[in-house]
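Colleague: One structure, pasted below without further comment.
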Amino acid sequence: MIAWDPALALGLQEVDAQHQNIIRLINELDANRGGGKTQLAAETLRFLHDYLNSHFVLETKLMRDVGYPDIERHRENHELFANHVIFFEIEKEFGVVTDQMLDDILAFLLEWFLHHITTEDRELANFVRTRAAAK
Ligand SMILES: [Fe+2]
Ligand SMILES: [Fe+2]
């Protein structure tokens, strides 16, 4: 369980709102571990996966709109992450999501997501704010 930390806020309303939702979903996933709730957890994973993809679409649009110079690297990171998070493949392959798999996915999700927000997304937000201030 992780709480939303105001220090994670980037000052971009829509992006921040989505980051909060992603953290909420990660917590929901955490809460659905164990105790025979793996089906629920699998559904949350699927939802989280879709939500992350639409979040990446939003950030890509933002990067294009502001002419972000580092767009390719940022997009590559999103893609690497999406490819890494093979929720469905795991689920399909094994037919079931075990607690161990969930633990691994959760640890990975949290680490990647927090790292990404505090580095790449922060750089993007700084660029957007600088651009806005220069106008
Ligand atoms: Fe983000
Ligand atoms: Fe991002």
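Colleague: May I ask you to verify whether THR60 is at pLDDT 85 or above and of a type in the set (S, T, N, Q)?
Modeller: Yes, satisfied.
Colleague: Looking at the structure I just gave you, is ALA3 at pLDDT below 90 and under 27 Å from PHE127 (Cα atoms)?
Modeller: Yes, satisfied.
Colleague: Can you pull out every residue in the range 9-20 that is away from ligand 2 (no atom under 14 Å from the Cβ) and not aliphatic (A, V, I, L, M)?
Modeller: GLY11, GLN13, GLN20
Colleague: Within the range 33-58, take every residue that is touching a residue at least 60 places away in the same chain (Cβ under 8 Å) and part of a loop (DSSP other than H, G, I, E, B) and give me the one that is nearest to ligand 2 (Cβ to nearest atom).
Modeller: The qualifying residue nearest to ligand 2 (Cβ to nearest atom) is ARG33.
Colleague: Still on this model: Return the residues of the range 16-56 that are under 22 Å from ASP121 (Cβ atoms) and of a type in the set (Ser, Thr, Tyr); say none if nothing qualifies.
Modeller: TYR51, SER54
Colleague: Out of everything in the range 1-59 that is polar (S, T, N, Q) and closer than 16 Å to VAL128 by Cβ, what residue ends up being surrounded by the most Cβ atoms within 10 Å (Cβ to Cβ)?
Modeller: Filtering the range 1-59 for residues that are polar (S, T, N, Q) and closer than 16 Å to VAL128 by Cβ, the one surrounded by the most Cβ atoms within 10 Å (Cβ to Cβ) comes out as GLN18.
The values are calculated or read from the model by the stated rules, or taken from the named source; none is laboratory data. Nothing here was measured: the structure is a model prediction, and the numbers come from that model. Cβ sites come from the backbone with ideal geometry, for glycine too, and all protein chains shown count toward neighbours.
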